[in-house]
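In what follows, a single structure is set out as structure tokens and then discussed.
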Amino acid sequence: MHGLEEFGDQTLLAAQAVRITDIVVQELDESVDLTTSVGEDRSLAWTAPAGNSTWRVFAWYERQANQHSVSPELNATNYVQNGSWTVDHFSATGAKKITDFLDEHLFQDEESRELLAAVGNYAWEDSMEMQTALLWTPGFREKFEQSRGYDFAPCLPYLIVSDNYWVQAVITCGETFTAINSTLQEQCTHDYRQVLNEGYKEYLGHFVEWAHGLEIKYSDQPAHNFPLDMLDEIPLLDGPEGESLGFGNIVDTYRQFADPAHLAGISVVSSECGAARGAPYLQTQNDLLWSVRRGLAGGISMNVLHCFAYSGPYTKTTWPSYATFTYSFTEMWNYHQPVWRHFNDTIHYIARNQFVSLTGTPKVDLAFYFYSAPWLVAEQYQDTNFQDLGYTYDCLAPGNLLSDDAVVDGATLAPSGPAYKALVFSNQTAISPPAAAKIQELATAGLPVFFVGATNFTSIGKKAGEAKKVAAIISGLVDSGLENFHTGDSATELPDALKTAGILPKVSFPEQIPDFYNFWRSTDGVEYAFLYNDGKVSQTADITFNVSGTPYFFDAWTGDVSPVLQYTSSSEGVSIPITLLSNQTAIFELPSAPKAYITKFSGSISGLEYSDNSITAQLSGAASFTLSDGSAKNLTASPPSASNLTTWDLTIEDWHRTNDSFSMETAIDYHTYKSQPLTPWLELDPELASVSGIGTYTTNFSYPATARGAPSLGAILRLGPVTNSIRAWLNGQLLPPIDITNANVDVTDYVQTGNNDLVVEITTTLFNRIKADGNSTWSAGVTANEESLNYYGINAAYEYGLVSPVSVEWVVLEKII
């Protein structure tokens, strides 16, 4: 981010003297307006009141910040070489400055506009990164007085606090101030942010209108980094976008961002996903998918991944190519990384999950009232007590509640949208008078409303009369005696209060399950439920879906859809025994389904299969089944012992630079090892410490001699933990994409009698190679070790390779139904 540069004339806005009660912390008390005492030459003569008080004189000037967005070249002769500047983000005028430039230089003719409309999708602006003495727009003082009803000048010193600057940290003037009257400072700050927010909405609104005029849509990373009400801006956009880095990969921050879009009917909520501080080329596929899955759990429906920033030769840059921000962030996916060979498997998995998240209408159990400016990267509700029971919730700001979509029908808020069953206030204390009146309207219409903790609400800011108005509305609601209005002292009471009121989740857990997330999408004829285990261990439970019918399982790795073969039905819905490993997801479709199914089983069962209206069990021993018609079935099986695959041939592709360090071509050397056990490459050969690339493992196994000719024998390939990405071939046939969180593959249709040849291909990150070459790997003149605080040097090399145990489990196939 570029610094500020002096430019243009200064206009005096105000001069004032403020009494300081504590010099150390810059605590301010009463102020005196001196603006009219300033002479034309900007001289000021003023005598402080008698006494021992300390006073400080402030002069407030308005001028352009003149901050570059792109640095100019020396001796620039055209507008491209001259770089670019940030514009005013708090008025439509600033947005128009950009769109006028684009219209003049890029879309000046009808053909260009037609081509853009034919292939374009979204115009987009990245997150705001600006410095200033105080966020401002021309005419702000007049806008403030019109909006808030009082003069802005006395508030000015109280606004110099860290929360009013970029990422609530970068203070250009080097000092902050506090008020002895903290309530006054808080009210001034809220009013300042509200007027700033009004200007920012004008800025966004111009871009939306301009984009629509070009027959495209508009996306933006709104508000975060600055003291704005982000939830209020999101409904303005066609495709609001967050980011995994800025949101800290916290599920609740994604949720806060996506929730206003749910109410507004915006289906695309995107995330700039996968960036992480640290060294590039160390992110695994599981790392990336962890971020993707957390976003999906919080309402993100579209992920945007970083790929090549620049693919060709770049000044003072060596292989494996230019790294954005030199070597500070990961990851830039491209063909220099070994995983690129398998990357389509990951992309298709993400795409199928996004397909579900974009399908139909999101259905959410609860809405939480939430006001925060600035929006902070933090969990809004500090307890997981009802989430761990399956409840989902959205966060709505005052402006969201005033939308035309916020209507109640049949005790449900926004029934044609998220269909919230209740509105919850958890220790929030500020609300605008119109929003307070809307709460009263919703409660009177029958919407269940729960207040947890505080009920002594006040207004946002200090506009005359608003605080009393808010207090009267909320206190009247508390004393109304409405049966659907509930209060509680603490969040621990909320789950029982919801249950007592008959408000149950669409997806219910039998007991509290930590780190287990879900979302629900509803379409005509089909319901979709997504589950994600964000915990560190495998979790198993009977999950109940509040719907009738029989569920189908949608495999996001392969795209296969198959009926769930074991479940129970009751008046509460459909219950399915589900096991999810750490970082694993599952998707269920809930339309009509097979007539017969299994309600319960026990014993040595490795899996169930469905084909041609039949259910087949994969048995490793005796097992018992109870069917949906009440009948029972008891089976025995004695399959051959598993084939443990302990000895492999291995060929390693060693990816590195060519002899020309500044070439972007990848050189590959090969290392071959025969008849080796499965051990990390570092243990296999010390010379592999610097190697990154692709490992191809080959082995063979025999079809059990005792089972030849028996049609009832099946096979399951069980691979060990996957450290990055994996593919496998059996007898020359590529196996379906493998779930890297649970790498087991049914290979019944791929095995053959006699000898079977298995090939497993794994990829690594480039970390070990960059670690070995960290002092000679450059990006834009900076070495990998210089930029990353020697991250590569001080961290140990990664253990690459196929991990044991690997086996083929033989199972007996028995038809159940």
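The values are calculated or read from the model by the stated rules, or taken from the named source; none is laboratory data. Remember, predicted model here, so these are calculated numbers, not experimental data. Methodologically, a virtual Cβ is constructed for each residue, glycine included, from the backbone with ideal geometry; neighbour enumeration extends over all protein chains shown. Side chains are part of the model used for accessible areas, which takes the heavy atoms of the whole protein and leaves out ligands, DNA and RNA. Shrake-Rupley method; radii C 1.70, N 1.55, O 1.52, S 1.80 Å.
Check whether at least one residue in the range 421-444 is closer than 18 Å to THR361 by Cβ, out of contact with any Gly (no Cβ under 8 Å at 6 or more places or on another chain) and crowded, with 18+ Cβ neighbours inside 10 Å, and report yes or no.
yes
Let's see how each residue does on (1) modelled with pLDDT of 95 or more; (2) more than 33 Å from the chain's Cα centre (by Cα); (3) over 30 Å from PHE144 (Cβ atoms):
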{"site": "GLY446", "(1), (2), (3)": "yes, yes, yes"}
{"site": "GLY453", "(1), (2), (3)": "no, no, yes"}
{"site": "THR458", "(1), (2), (3)": "no, no, no"}
{"site": "LYS463", "(1), (2), (3)": "no, yes, no"}
{"site": "GLY476", "(1), (2), (3)": "no, yes, yes"}
{"site": "THR487", "(1), (2), (3)": "no, no, yes"}
{"site": "GLU493", "(1), (2), (3)": "no, no, yes"}
{"site": "ASP496", "(1), (2), (3)": "no, no, yes"}
{"site": "GLU511", "(1), (2), (3)": "no, no, yes"}
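For the range 739-761, the set of residues classified as β-branched (Val, Ile, Thr), open to solvent by 10 Å² or more (accessible area, probe 1.4 Å) and under 16 Å from LEU802 (Cα atoms) consists of ILE740, THR741, VAL745, VAL759, listed by residue number. If you check ALA309 against the conditions, is it modelled with pLDDT of 95 or more and surrounded by fewer than 18 Cβ atoms within 10 Å (Cβ to Cβ)? No.
Screening THR646 on (1) under 30 Å from ASP287 (Cβ atoms); (2) open to solvent by less than 60 Å² (accessible area, probe 1.4 Å) shows it passes everything except condition (2).
Consider only pairs whose beta carbons are under 9 Å apart and that are at least six residues apart or on different chains; among these, list those whose first residue lies in the range 790-817 and is at positive phi and whose second residue is among the hydroxyl-bearing types (Ser, Thr, Tyr) and not in a loop (DSSP other than H, G, I, E, B). Listed by first residue and then by second, the contacts come to GLY801/TYR697.
The set of residues from the range 397-413 being buried (at least 24 other Cβ atoms within 10 Å of the Cβ) and within 14 Å of ILE266 (Cβ to Cβ) comprises just one member, ASN400. Could you tell me whether the range 618-635 includes any residue that is in contact (Cβ under 8 Å) with a residue 40 or more places away in the chain and among the β-branched types (Val, Ile, Thr)? Within the range 618-635, not a single residue is in contact (Cβ under 8 Å) with a residue 40 or more places away in the chain and among the β-branched types (Val, Ile, Thr).
Every residue, every condition in (1) touching a residue at least 60 places away in the same chain (Cβ under 8 Å); (2) out of contact with any Lys or Arg (no Cβ under 6 Å at 6 or more places or on another chain); (3) closer than 30 Å to GLY3 by Cβ; (4) assigned to a loop (DSSP other than H, G, I, E, B), yes or no:
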{"position": "PHE107", "(1), (2), (3), (4)": "yes, no, no, yes"}
{"position": "LEU115", "(1), (2), (3), (4)": "no, yes, no, no"}
{"position": "SER127", "(1), (2), (3), (4)": "yes, yes, yes, yes"}
{"position": "PRO138", "(1), (2), (3), (4)": "yes, yes, yes, yes"}
{"position": "PRO157", "(1), (2), (3), (4)": "yes, yes, yes, no"}
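Quick one: ARG718 ticks every box in (1) of a type outside the set (Phe, Trp, Tyr); (2) within 28 Å of TRP333 (Cα to Cα); (3) within 33 Å of the chain's Cα centre (by Cα) except a single one, so which number is it? Among (1) of a type outside the set (Phe, Trp, Tyr); (2) within 28 Å of TRP333 (Cα to Cα); (3) within 33 Å of the chain's Cα centre (by Cα), the lone unmet condition for ARG718 is (2). When only residues in the range 650-708 that are part of a strand (DSSP E or B) and hydrophobic (A, V, I, L, M, F, W, C) count, which is most open to solvent (accessible area, probe 1.4 Å)? Filtering the range 650-708 for residues that are part of a strand (DSSP E or B) and hydrophobic (A, V, I, L, M, F, W, C), the one most open to solvent (accessible area, probe 1.4 Å) comes out as ILE668. Of the strands (runs of 3 or more DSSP E) that lie entirely inside the range 182-297, those containing 1 or more residues that are more than 29 Å from PRO514 (Cα to Cα) and modelled with pLDDT of 95 or more span 217-220, 239-243. Run THR599 past the list (1) open to solvent by 50 Å² or more (accessible area, probe 1.4 Å); (2) in a strand (DSSP E or B) and report the number of the one that doesn't hold. That leaves (1) as the condition not met. When PRO157 is tested against (1) within 34 Å of the chain's Cα centre (by Cα); (2) surrounded by 15 or more Cβ atoms within 10 Å (Cβ to Cβ), exactly one condition is not met: (1). Of all the criteria given as (1) closer than 23 Å to HIS656 by Cα; (2) loosely packed, with under 15 Cβ neighbours inside 10 Å, the one not satisfied by PRO805 is (1). In this structure, LEU106 does satisfy being open to solvent by 90 Å² or more (accessible area, probe 1.4 Å) and in contact with a Ser or Thr (Cβ under 9 Å, 6 or more places away or on another chain). Filter the range 56-97 down to residues that are without any contact (Cβ under 8 Å) to a residue 40 or more places away in the chain and buried (at least 17 other Cβ atoms within 10 Å of the Cβ) and give me whichever is farthest from TYR203 (Cα to Cα). Looking at residues that are without any contact (Cβ under 8 Å) to a residue 40 or more places away in the chain and buried (at least 17 other Cβ atoms within 10 Å of the Cβ), I get TRP85.
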